[in-house]
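Written below as structure tokens is the structure these notes are about.
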């Protein structure tokens with residue numbers, strides 16, 4: 001089963017299947033970083049820039 005979410009980052013909205021991601025990093029100030037498949041551009045979410053997307057990623061990781 002896929003786990004799709006919408007994330008706002010860098011003035012764009014991404015629809016992402018979290019099941020396709022393999023790595024997440026948790027940085028200072030609660031930032032979560034992940035990379036889309038076949039991409040070198042990181043997506044960074046935090047409570048300030050996208051509270052809903054951030055919480056969905058946290059729920060998925062837990």
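Some observations on this one:
- Any pair with Cβ under 6 angstrom, 6 or more apart, that starts in the stretch 1-28 at a residue that is over 19 Å from residue 52 (Cβ atoms) and ends at one that is assigned to a strand (DSSP E or B): 25/33
- In this structure, residue 37 does satisfy being exposed (fewer than 15 other Cβ atoms within 10 Å of the Cβ) and in contact with a helix residue (DSSP H, G or I) (Cβ under 6 Å, 6 or more places away or on another chain).
Every read-out reported here was derived from the displayed coordinates using simple, explicitly stated rules and does not represent laboratory data. Being a predicted model, the structure only gives us computed values, none of them experimental. Note that each Cβ is placed from the backbone with ideal geometry, even for glycine, and that neighbours are counted across all protein chains shown.
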